[in-house]
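Shown next, in structure tokens, is the structure this report addresses.
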């Protein structure tokens, strides 16, 4: 469908600002103003004006370029302002709290993990502890200035309420961190998947073994969130119709066979078969052909992959045309908090105008 | 990510052309030029120039509006040119061929279904029969002028090849209909889902019982196609790990329990339980809460729905927060060919410039 508003000069300018910043952020080395103009198709004057705006906002910086052979004059390049502005990622999980600051290049500036079982703890107390962790991490990350925050949570959200987090034992909890800290919220599996996106890996499911099982779905570099952000609940796919009871109340869910605690009791092979069967269904439905194993699955991948691949080969309709690929995640347990922090940076880079106008968080 | 090109004046004009046409196509009654200007935020002069272009292309027509009380002058309204241009939908299915022409309002102008088992028939012969059907239907639809065609196929496609259609028994078939007919191609389940989109039903899965089981996934009005258009293969979701052998070679697929032939042998109750279990997994993964039952399921919905709802209530993680909804499809067996025809119209309405410049098909 067509957007229900005309393309105006204003949005044209915002579009071009994001375009110029996008060129700088994806370039392998600093770009001259002339190069930005050439790559974008904009005039030199327009490109220079946009660069001025980005410099003033602290999003880019000037760096010396090597003298060119042709003119012999020293040139000035434009690069992302590494170490200038940053995004704060936060996470509440079943057995830890975490906070990470990344700069505009996505590099980690500061990361703190506070281990400890959160099950049954009073949510108010947990949120206060997370606030302290957030403020301390933000302080430790100086001189990087945090311009926004995002919080990863292990459950179903609506607006600012965590409606249901079976493994935390939380229901309908108001998620507020207090003055000066109002992070964007999303399911941890969505953020974790974001952390596993690379220039060559753009479409995949990221399956993360923890107390529960999280799955993030990425299509062409974007997280598929569903209609309410509740997508990816692979842990509650039925593997055995009349199987053992799950924490969610249903019978025979994948979590009962392949959650962290089930693996500790029954080993990886049974888990791999169950996981492969459920994943075959997921690939058949989503038409994605890469599975990335994260969380506790990353460390036991060699024990899981043969059984998973066996089921995928047998059960994915198109496995004979294109073989499904199973890979190991890069980030392990820190994926969700890192993805949350990077989501802040991605938002700044794709909508720099919002930062300039409102200083959004 | 930002588009890797600047927003130029040309694309601005194309955007506004589509915007004006979009306003006309979604309005409940003809719009004056002044109203188009007001709704779009464009100047009167710009809006009038765009309307002239649309009139010349035959996309809209002028109709008399009632005299306004204020000026007393007769006004001219702009409406979609019903009965002027149209889209041709085609379908090859296991037990029939079909062709449909719809006009720009989506109304069916002509529809022909040729019953007959296509299994094991020579693809060349089937494609020739479809060509004859297409040309005859196009002729019968006159004076509506067909500006493009789309063909629905029951299998996995790559470019213009049908790689695998297990229920037709076809493998790697080149899909060409000959001179003057080069339809867009997609899986029939994707087109069928498109036909079930309404102004109030924008996100859902459409599950269609046939010899196989097709599923189309619609999110916010758009079909989710996956990375290769192979999404929605719910028929090959595992319901029973060591169950009976399926046509695809795997064991215990949903199709074995809930395909048309399984229902004929074992009845609807077993099918409903299997379908509900598989659909619960689909809703958990996709975060959609409406299921639309189509194909042969539409006619036996009352026998299927209790068992489906039972499984959804038990197995969808968020069923206690928002109850999943099961509805019956509007279009039954003609959904895919109708959706294919409408996809042509949707393309014309969203990119009228392409029609004007190239007369795309």
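The values are calculated or read from the model by the stated rules, or taken from the named source; none is laboratory data. This is a predicted model, so every value here is computed, not measured. Every residue, glycine as well, gets a Cβ built from its backbone with ideal geometry; the counts of neighbours run over all protein chains shown.
The table that follows gives values for the structure above.
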quantity: Residue tally, condition surrounded by fewer than 24 Cβ atoms within 10 Å (Cβ to Cβ) and touching a strand residue (DSSP E or B) at 6+ places or on another chain (Cβ under 6 Å), over region A:185-196; calculated: 2
quantity: Residue count, region A:89-127 (criterion: closer than 26 Å to residue A:174 by Cβ and in contact (Cβ under 8 Å) with a residue 12 or more places away in the chain); calculated: 25
quantity: Sole exception among (1) surrounded by fewer than 24 Cβ atoms within 10 Å (Cβ to Cβ); (2) in a strand (DSSP E or B) for residue B:199, by number; calculated: (2)
quantity: Of all residues making up region A:43-64, the number that are closer than 27 Å to residue A:87 by Cβ, more than 14 Å from chain B (Cβ to nearest Cβ) and surrounded by fewer than 19 Cβ atoms within 10 Å (Cβ to Cβ); calculated: 8
quantity: Residue list for region B:302-331, restricted to those being surrounded by fewer than 17 Cβ atoms within 10 Å (Cβ to Cβ), away from every other protein chain (no Cβ under 12 Å) and in a helix (DSSP H, G or I); calculated: B:302, B:303, B:306
quantity: The lone exception for residue B:206 - which of (1) surrounded by fewer than 21 Cβ atoms within 10 Å (Cβ to Cβ); (2) in contact with a strand residue (DSSP E or B) (Cβ under 6 Å, 6 or more places away or on another chain) it fails; calculated: (1)
quantity: Scan of region A:28-37 for residues that are free of Cβ contacts under 8 Å to residues at least 40 places away in the same chain and surrounded by 14 or more Cβ atoms within 10 Å (Cβ to Cβ), ordered by number; calculated: A:35, A:37
quantity: Only listed residue being surrounded by 18 or more Cβ atoms within 10 Å (Cβ to Cβ) and touching a helix residue (DSSP H, G or I) at 6+ places or on another chain (Cβ under 6 Å), chosen from B:336, B:341; calculated: B:336
quantity: Residues of region A:347-357 satisfying the condition of being touching a residue at least 12 places away in the same chain (Cβ under 8 Å) and part of a helix (DSSP H, G or I); calculated: A:347, A:348, A:349, A:350, A:352, A:353, A:355, A:356
quantity: Hey, residue A:89 outside any loop (DSSP other than H, G, I, E, B) and buried (at least 17 other Cβ atoms within 10 Å of the Cβ) or not; calculated: yes
quantity: Odd one out for residue A:182, checked against (1) more than 30 Å from residue A:264 (Cα to Cα); (2) without any contact (Cβ under 8 Å) to a residue 60 or more places away in the chain; (3) surrounded by fewer than 16 Cβ atoms within 10 Å (Cβ to Cβ); calculated: (2)
quantity: Test: residue in region A:203-219 that is in a helix (DSSP H, G or I) and more than 26 Å from residue A:346 (Cα to Cα); calculated: no
quantity: Qualifying residue in region B:222-235 (condition: part of a strand (DSSP E or B), at negative phi and out of contact with any strand residue (DSSP E or B) (no Cβ under 9 Å at 6 or more places or on another chain)); calculated: yes
quantity: Check on residue A:40, in contact (Cβ under 8 Å) with a residue 12 or more places away in the chain, closer than 14 Å to residue A:350 by Cα and surrounded by 16 or more Cβ atoms within 10 Å (Cβ to Cβ); calculated: no
quantity: Residue that is within 7 Å of chain B (Cβ to nearest Cβ) and more than 18 Å from residue A:281 (Cα to Cα), where the choices are A:238, A:227; calculated: A:227
quantity: Criterion violated by residue B:211 - all others in (1) in contact with a strand residue (DSSP E or B) (Cβ under 7 Å, 6 or more places away or on another chain); (2) outside the structural domain of residue B:350 (by TED's automatic domain parsing) satisfied; calculated: (1)
